[in-house]
Amino acid sequence: MKTSTGEDHGADERVIVLLQQRRDAASIPRVLGEVGVQALLCATPEEVCAEVAKGVGALIIGDDLISSSSLACLRDTLAHQPSWSELPIMVLLRNGPGSSRVQNTLLLPGDVTLIERPVRVNTLVAHVQAALRGRRRQYQVRDQMLELERSERRYRTLFSSIDEAFCIVQMIFDENGKALDYRFLETNPAFDKHTGLSKAQGKTMRQLAPEHEEFWFEAYGAVARTGDPVRFHNQARELGRWFDVYAFRYGEPQECQVAILFTDITERREAEEALRRSEKKFATIFHSAPALVAITTLKEGRIVDINDTALGFLGYRREEVIGRTTHQIGLWESAQDRERMIQAIEELGRIHDLEVSFGGTTGESYTGLFSGEFIEIDQDRYLLCMVKDITERKRSELEIERLNADLAAQVAELKDANLELEAFNRMVSHDLRQPLNTMGLSIQAVEIMCGDRIDKECQRYIQSIFKKILEMNHLIDTLLRFSGSTRAELRRRPVDVSEMARGVAKEMRESGPEARPARFDIAEGLTANADKSLLRTVLQNLIGNAWKYTSMRDEAVIEVGATELEGGPAFYVRDNGKGFNMADAKEIFAPFKRLSGADGFKGFGVGLATVERIIRRHGGRVWAEAEPEKGATFYFTLPAQGRDEVPRAGEERKGLAES
């Protein structure tokens, strides 16, 4: 016969016969053969043991052949049977069931049945058939166990080799049926990789991740209670991962077990989120870009999407352009222009900032920088094009070109004027100064030659002429300095402004024939990054002005310092002199302009103009604040100076020492 597994167990259903009496030994195999049972007659106990080891259905043995040695051999063979096997043994009794041999037979590891002789044929056949039926059931158990082992091996192979994580958990409920936790009963090798957990088997989830979200316990608890499988993906925040999960009940409901097949999809979720953000960013950039942006089909140039900037610039509504071609709305001056553009992108891969002409609803032509490349949407190629309107810029460039041409002409004129100015300076320096020097030498010669013969009236005239010659020389020097203030090369370097101001103040004191009651308050630590020579000219003019316009005071007070104003740091020169009306302040720095009330003071109206030009060349500015008869303050800035070179905002740095 064949088993459920398809294996032939004919040999395993043989009945082994070991009898001493020849008549029984010959008749029993014949009787069993008549009912379809194969019987094998063995001569010795050792032969029986060998056949049993091969596999038999039952054993018939006479008690007259049972001895200690034969039982030992058989007992050892039967002791090594598989767990499913319990060999049926039928003992034919001659000496009665109470003999010692029979008692020894009962100790054999098998299903022992005692049959007293003489044995009726029907009784023997019934016993043998019953024994074989029992043996077949054992074979079925064996086959089931083998199939179970094979199934278990297949399961373990699958369990260990799948890339997905797999585990079996046992839910832990409270008395109200609420899922509190779950314990890991089994985990496959991929479990650790997907969860980041290790040695989870036998532990609960709360032990491994105390802050694990309630969602997971509720979801698996529902599967264990209802038996309904679930599929979902969700985030496990404490594990820092996203999972795609399929969970189903495992085993009997009362076991509260759930099998979970899941995959770590964190990278996929992050990629999807990155793609979503990218698409959102693209849409945001697309629709809010300041440039004109559109997506068109490759062949016809049919508009698929267009941004608000393009609609507003071209003067269309969205429904007027979607589905129409760029040629239909007049974007390109000709269809050939677009075809050439497509061909160029095919060859180069993309075009960037190519200057093109395009139109709108008004029919006016515009100039733009075209950039384009192919993009893929749902496996179809489209043209993404962007145009930056540079119409105004082109107009500005043309205007700049015109202005540059005008400027070049003015520069040429200025160059000619500078050449004329240099010629004038040479003339002033030589042609005007030479006659003055000659006149001065002549007057000195007259004084020396005539001596006492010159009367007082003539002497007065001579002194007046000599004085005017000196004034003319001084005027020439002033004009040359004024001219040089705009032409001299600017060489910035650190300058000690306090020390320079003290030097100029000393010059003022020593310039007059008599000492004047004056006090100079010069702040300490004033520094600047400026042209030293030109900055000295500035201080000479400003301090000189203060010295000049305080000459009528009982005590002149002249301050040099720095302060932080709203517009930034500034140096100042302040005096308590004559002052002036602020209504006249706009002309105070104009060359050769003298304010009303200045007639009683010497000057040519060039000093402050020189100051203004020097400060302007440094990138700064100069201004004045004054009140008639209450003095004046002149401020100037030098942008290159450091913020640490002046006092804090709202403070003034005043001198503690007089010079």
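The values are calculated or read from the model by the stated rules, or taken from the named source; none is laboratory data. All values reported here derive from a predicted model rather than from experimental measurement. Note: ideal-geometry Cβ built from the backbone for every residue, glycine included; neighbour counts use all protein chains shown.
Worth a mention:
- Exactly one residue out of 590, 632, 598 is modelled with pLDDT of 90 or more, over 20 Å from residue 502 (Cβ atoms) and more than 56 Å from the chain's Cα centre (by Cα), and it is 632.
- Residues of the stretch 308-326 that are out of contact with any Ser or Thr (no Cβ under 7 Å at 6 or more places or on another chain), over 16 Å from residue 382 (Cα atoms) and of a type outside the set (D, E, K, R): 309, 310, 311, 312, 313, 321.
- Contact map, the stretch 440-460: first residue in a loop (DSSP other than H, G, I, E, B), second residue among the aromatic types (Phe, Trp, Tyr) and surrounded by 10 or more Cβ atoms within 10 Å (Cβ to Cβ), Cβ cut-off under 9 Å, separation 6 or more or different chains; the map is empty.
- Test: residue in the stretch 338-351 that is surrounded by 13 or more Cβ atoms within 10 Å (Cβ to Cβ), small (Gly, Ala, Ser) and either free of Cβ contacts under 8 Å to residues at least 12 places away in the same chain or closer than 21 Å to residue 282 by Cα (or both): yes
- Just one of (1) surrounded by fewer than 17 Cβ atoms within 10 Å (Cβ to Cβ); (2) more than 18 Å from residue 575 (Cβ to Cβ); (3) modelled with pLDDT of 90 or more fails for residue 510. It is (3).
- Just one of (1) assigned by TED's automatic domain parsing to the domain that holds residue 259; (2) farther than 20 Å from residue 241 by Cα; (3) charged (D, E, K, R) fails for residue 156. It is (1).
- In the set (1) more than 24 Å from the chain's Cα centre (by Cα); (2) exposed (fewer than 15 other Cβ atoms within 10 Å of the Cβ); (3) within 30 Å of residue 313 (Cβ to Cβ), the condition left unmet by residue 280 is number (1).
- Screening residue 342 on (1) part of a helix (DSSP H, G or I); (2) more than 35 Å from the chain's Cα centre (by Cα) shows it passes everything except condition (2).
- Answer from 502, 516, 487 - the residue that is modelled with pLDDT of 75 or more, among the charged types (D, E, K, R) and within 22 Å of residue 614 (Cα to Cα): 502
- Every pair of residues 6+ apart whose Cβ atoms lie under 6 Å, when the first sits in the stretch 1-30 and is part of a loop (DSSP other than H, G, I, E, B) while the second is at pLDDT 85 or above and of a type outside the set (Phe, Trp, Tyr): 3/143; 4/143; 5/143; 14/38; 14/40; 14/56; 14/57
- Only listed residue being within 30 Å of residue 86 (Cβ to Cβ) and among the small types (Gly, Ala, Ser), chosen from 161, 151: 151
- Selected residue [modelled with pLDDT of 95 or more, under 21 Å from residue 626 (Cβ atoms) and among the hydroxyl-bearing types (Ser, Thr, Tyr)] from 572, 549: 572
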